[in-house]
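A.B. asks: To start, I am sharing the structure in question, which I have written as structure tokens.
The values are calculated or read from the model by the stated rules, or taken from the named source; none is laboratory data. For clarity, every value in this text was computed on a predicted model and none was experimentally measured. Neighbour counts are summed over all protein chains in view; Cβ atoms, including those assigned to glycine, are modelled from backbone coordinates with ideal geometry. Accessible surface is based on the protein model in full, side chains and every heavy atom, while ligands, DNA and RNA are left aside. Shrake-Rupley method; radii C 1.70, N 1.55, O 1.52, S 1.80 Å.
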Amino acid sequence: MAEKSIVQLIKSFDLYQLKPVVFIYGSEELLKKQLIDRLKKISEVHIFWGDETTYSQLREVFFSSSLFSEGNVAVLIEFEHFVGKLSKEELTDFSSFLKNIKLPDRVFFISRKEKLPSKEPYKTIKSIADIVVSNRLTPKAFLISVKKKIESAGKKIDDETLRYLVSMLGNDLWTAKQEVEKLLLYVGEREEITLKDVTQVITPKVLQSVFVFLDKFFQKSPDVVKIYRELTDTTHHPFEIQSLLLNHINKLLLFKTMMQKGKTEEAAFSQIGVNHPAMKGTIKKHSSYVKQEELIDMIKKLYNVEKMQKIDFLDIKESFEQFLIKQVTSG
């Protein structure tokens, strides 16, 4: 399966050199948007979102005539959400449907996946489609990209300030575009961007949310350590993450205790001060991962870690990281 680079495809975009089915995947969202924008300039495009679109709605596009261009062109964003809603029968029919899309009709699928699964419909897609990968730039290429954007605006930035700026952007072109544009507006007529400008204006990119951190912790995933490092390397102090986890564990313990006493879910949520539907779902999910005695043990260990941090002056970041490692590697 030969893959195309999205960067090269954008630079020399030629719709007529592409197959009827084009599958674009990877973690760099800005490049995907730029490719779609190129497509929209030369063709009438039907845009669909995977979480809102049914199989029949997508098929309808290719059973009608295009009014303004040769062939029908559809773009389906968040492909994995779309596939996740298909029934077993629809999934089988979908693979056949893809094989029967012929030029001049075209469909572009946009996915956040960083690796293509081997199951259907990905197996069929690999065999019939142009596969385009939208990877993050290398750190060096990302730095050069940010520098070019600044210089193209007629501004100067020294190497040390540039490196600091880039370190806050998480190697994310979408974040870089928004933050650098904000920085340029702040600088105004001044020619040089200073370190003070960067610290005053730039909002650091948090690579993983604290909610993903909590999910990984209760799933005992080794990834929790990597996410913790990313969080503390950007905007979050180790104590902030530690306190968040302790507070969450306490809520889980109270929730499980009240449920065991025969309280309704709503009464339990009201007691622990959780009102948002998404947070209720998180509490229920995490509650299913752990037993009551495990939560009590976690609380005791966390209090002990905090005591050693404050009395024995243990390194805060390292000591909490050691706690995380022991928790995810314990039986």
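A.B. asks: Which of the residues that make up the range 68-98 are out of contact with any Gly (no Cβ under 9 Å at 6 or more places or on another chain), closer than 25 Å to residue 38 by Cα and modelled with pLDDT of 90 or more?
C.D. replies: 73, 74, 75, 98
A.B. asks: Being modelled with pLDDT of 90 or more and not in a helix (DSSP H, G or I) is the filter; apply it to the range 264-297 and report the residue that is farthest from residue 214 (Cα to Cα).
C.D. replies: 264
A.B. asks: Still on this model: Among the residues of the range 307-331, which ones are acidic (Asp, Glu), open to solvent by less than 90 Å² (accessible area, probe 1.4 Å) and at pLDDT below 90?
C.D. replies: Matches in the range 307-331: 315 only.
A.B. asks: When the range 20-36 is examined, which residues are found to be surrounded by fewer than 22 Cβ atoms within 10 Å (Cβ to Cβ) and closer than 18 Å to residue 58 by Cα?
C.D. replies: Of everything in the range 20-36, those that are surrounded by fewer than 22 Cβ atoms within 10 Å (Cβ to Cβ) and closer than 18 Å to residue 58 by Cα turn out to be 20, 21, 36.
A.B. asks: Give me the pairs: first residue in the range 125-146 and under 25 Å from residue 108 (Cβ atoms), second residue part of a helix (DSSP H, G or I) and open to solvent by 80 Å² or more (accessible area, probe 1.4 Å), beta-carbon distance under 8 Å, and six or more apart or on different chains, which are they?
C.D. replies: Short answer, once both residue conditions are applied: 128/99.
A.B. asks: Would a scan of the range 227-237 turn up a residue that is among the hydroxyl-bearing types (Ser, Thr, Tyr) and out of contact with any helix residue (DSSP H, G or I) (no Cβ under 8 Å at 6 or more places or on another chain)?
C.D. replies: Checked the range 227-237: at least one residue is among the hydroxyl-bearing types (Ser, Thr, Tyr) and out of contact with any helix residue (DSSP H, G or I) (no Cβ under 8 Å at 6 or more places or on another chain).
A.B. asks: Can you report the number of residues in the range 86-114 which are open to solvent by 60 Å² or more (accessible area, probe 1.4 Å), among the charged types (D, E, K, R) and touching a residue at least 40 places away in the same chain (Cβ under 8 Å)?
C.D. replies: Summing the residues that are open to solvent by 60 Å² or more (accessible area, probe 1.4 Å), among the charged types (D, E, K, R) and touching a residue at least 40 places away in the same chain (Cβ under 8 Å) in the range 86-114 gives 4.
A.B. asks: Now a separate question. Take residue 270 and decide whether it is farther than 25 Å from residue 327 by Cα, out of contact with any Lys or Arg (no Cβ under 7 Å at 6 or more places or on another chain) and among the polar types (S, T, N, Q).
C.D. replies: Criteria met by residue 270.
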